[in-house]
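Chemist: Structure incoming, see below.
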Amino acid sequence: MEPVVRAVDVGRGNTKFVTAVRNGELRCEMFPSQAHPAEAALEPEAWGARRKTVGIPVGGLVYEVGPDVHLAADVFNANVLQHDRYCETQEYLALLLGALHYMQLDQIDLLVVGLPVATYKIKPLVNALERRLAGEHELGKGRRVKVLRAKAIAQPAGALMHYGLMQSKVAQLRKERSLIVDPGRRTFDWLVTQGMQQIDKRSHSVPRGMHDVLHTIIEGISRATGSHYRDYDTVDVALRTGRKPVVFQHEYDMARHLPLARKIPEQAIAEMLHYVGDASDIRNIILVGGGAFFYRHALKAAFPNHVIHELKDPIFANVKGFQQAGLELARAMLGTGNSDINRAVDVAQHDGGGDDQGFAN
């Protein structure tokens with residue numbers, strides 16, 4: 001019987017997760033990484049449609065999470081995943097269990113999750129998280145789920161696995177040095193690998209993600225309009241679509257704020273260069289993450305002699321890689337996996353030493 005493997009990537013902006021694996025196709029969903037606490041579960045309104053959220057009990061409170069969480073009260077205070085130890089918070093667990101709720105499973109044999117590179121380097125924290133996630137969890141309304149085993153992976157490592165499988169280059173990647181760049185909502189992560197092994201001293205993350213880009217533009221709009229403008233989501237959509245946001249009932253031209261906003265990717269990449277250098281020894285540079293579209297130009301400017309590879313649906317690249325790595329690891333444990341990919345999946349099997357380390361141990 002095929003083991004039940006699922007992947008969840010609780011990011012600072014969105015919680016991404018795999019809902020199904022059918023005929024080799026991974027089906028993914030996501031919702032905002034916002035968890036609204038309350039003393040009791042939300043009661044449906046009699047006069048209107050219930051919002052698409054679920055109440056997850058954690059630590060004596062009920063956290064409302066899901067696609068429509070922005071409709072919850074005090075959502076301004078629900079964005080709490082803003083530090084390197086965010087995976088220890090009750091909100092993190094509520095978001096992860098919310099993802100498990102939407103999977104509609106009673107038992108998961110292997111749960112694979114991701115962490116920012118800087119957080120992943122804190123091994124006692126990683127081990128504690130894996131222990132915390134294994135076991136039986138309450139999902140609300142009498143539902144429970146049992147997780148037999150949990151493994152954590154550095155977030156960009158998932159993208160490397162997904163890239164290798166999608167390009168049929170797993171065996172080739174094992175012989176090459178790669179740089180995976182992952183601009184997320186709050187953090188800018190990068191991972192340098194030799195084959196599938198992380199080179200720890202050249203991999204890191206800094207808090208210079210898309211939130212900082214949006215905040216720069218938000219401050220500019222506030223100054224220009226003499227207001228305290230706070231609509232980050234509207235500005236985010238405007239950047240991605242090229243459409244002008246509506247501010248005080250009028251279309252607003254953000255062009256004047258973009259030169260300063262573009263300094264954020266430049267600053268993040270400048271910090272990365274302290275670790276990576278000119279990347280003359282790097283064969284593959286892979287750009288993923290929800291902020292890939294805004295960081296692309298600065299990354300290309302930093303590495304003019306390289307081809308920058310991008311993946312379709314970059315926001316789901318990590319979680320798809322987690323799922324693929326988890327599936328092959330589970331099959332390898334049962335002796336049924338593909339040998340090439342099994343060798344590539346060093347997750348939880350390699351006890352790295354020195355400068356190189358596996359994606360998990």
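Any read-out appearing in this document is the output of simple, stated calculations on the displayed coordinates, not a laboratory observation. Predicted, not measured: the structure shown is a model, and the values here were computed from it. As a convention, Cβ positions derive from the backbone with ideal geometry for all residues, glycine included, and neighbour counts pool all protein chains shown.
Chemist: Modelling each spin label as a point 7 Å along the Cα-to-Cβ direction, I'd like the ARG256/LEU148 distance in nm, to one decimal.
Modeler: 6.1
Chemist: Report the full-extension gain for the segment ILE122 to GLU310: residue separation times 0.36 nm, less the Cα-Cα distance, to one decimal in nm.
Modeler: Stretched out fully, the ILE122 to GLU310 stretch lengthens by 64.8 nm.
Chemist: Hey, if you drop one equal point scatterer on each alpha-carbon of region 106-263 and run the Debye formula without solvent, what base-10 log of I(q)/I(0) do you get at q = 0.15, 0.17 Å⁻¹?
Modeler: For region 106-263 at q = 0.15, 0.17 Å⁻¹, log10 I(q)/I(0) is -0.95, -1.00.
Chemist: Let me ask you something else. With θ taken as phi - 60° and the coefficients 6.51, -1.76 and 1.60, list the Karplus ³J(HN,Hα) couplings across region 272-281 in order, rounded to whole Hz; mark glycine and proline as x.
Modeler: 4, 5, 4, 8, 9, x, 7, 6, 5, 9
Chemist: Further question: Multiplying the sequence separation of ARG50 and HIS274 by 0.36 nm and subtracting their Cα-Cα distance, what value in nm do you get?
Modeler: 75.7 nm
Chemist: For region 210-261, what class follows from the C-alpha gyration tensor (a ≥ b ≥ c being the square roots of its eigenvalues): rounded when a/c is under 1.5, otherwise prolate if a/b is larger than b/c, else oblate?
Modeler: On the way: a/c = 1.37, a/b = 1.07, b/c = 1.27.
Rounded, since a/c falls under 1.5.
Chemist: Can you tally the net charge around ALA150? Count Lys and Arg as +1, Asp and Glu as -1, for every other residue whose Cβ sits under 11 Å from the Cβ of ALA150. Display every interim value, and only then the final one.
Modeler: Numbers: positive: ARG6, ARG131, ARG132, ARG149, LYS151; negative: ASP109, GLU130.
Summing Lys and Arg as +1 and Asp and Glu as -1 gives +3.
Chemist: Turning to a different aspect of this structure: Send over the Kirkwood Rh of region 265-324, from the inverse of the averaged 1/r over different Cα pairs, rounded to one decimal Å.
Modeler: 12.4
Chemist: Also, quick follow-up: Taking the alpha-carbon set of region 148-238, what are its Rg and Dmax in Å?
Modeler: Rg then Dmax for region 148-238, in Å: 18.2, 57.
Chemist: Testing the spin-label approximation: label points 7 Å from Cα along Cα→Cβ at GLU266 and LYS175. State their distance in nm.
Modeler: My value for the distance between the label points is 4.0 nm.
Chemist: A further question on this structure: Using only helices, what value at 222 nm comes out for the chain when you add -39,500 (n - 2.57) per DSSP H run of length 4 or more and divide by the total residues, to the nearest 500 deg cm²/dmol?
Modeler: Rounded to the nearest 500, it is -10000 deg cm²/dmol.
Chemist: Test of understanding: what is the full-extension gain from ARG131 to ARG283, defined as 0.36 nm times their sequence separation minus their Cα-Cα distance? Before the final figure, lay out each step's value.
Modeler: Values: separation 152, 0.36 × 152 = 54.72 nm, distance 3.62 nm.
Once the chain is fully extended between ARG131 and ARG283, it gains 51.1 nm.
Chemist: Follow-up question, since we're still on this one. Please report how far the C-alpha centroid of region 297-319 lies from that of region 184-246, rounded to the nearest whole angstrom.
Modeler: 15
Chemist: Just to be sure I understand: of the beta bridges DSSP finds with both ends in the chain, what percent are antiparallel, rounded to 5?
Modeler: Counting only bridges with both partners in the chain, antiparallel ones make up about 70 percent.
Chemist: Continuing with the same structure: Along the three principal axes, how long is the chain when you take its alpha carbons, biggest first, rounded to the nearest angstrom?
Modeler: The Cα atoms of the chain stretch 59, 55, 37 Å along the principal axes, largest first.
Chemist: Just to be sure I understand the model, the point goes 7 Å from the Cα along the line to the Cβ. What's the resulting ARG85 to GLN107 distance in nm?
Modeler: According to this spin-label approximation, the distance is 3.5 nm.
Chemist: Explain nothing, just the number: dipole magnitude of the chain about its Cα centre with +1 on each Lys and Arg Cβ and -1 on each Asp and Glu Cβ, in debye rounded to the nearest 20.
Modeler: Approximately 500 debye in magnitude.
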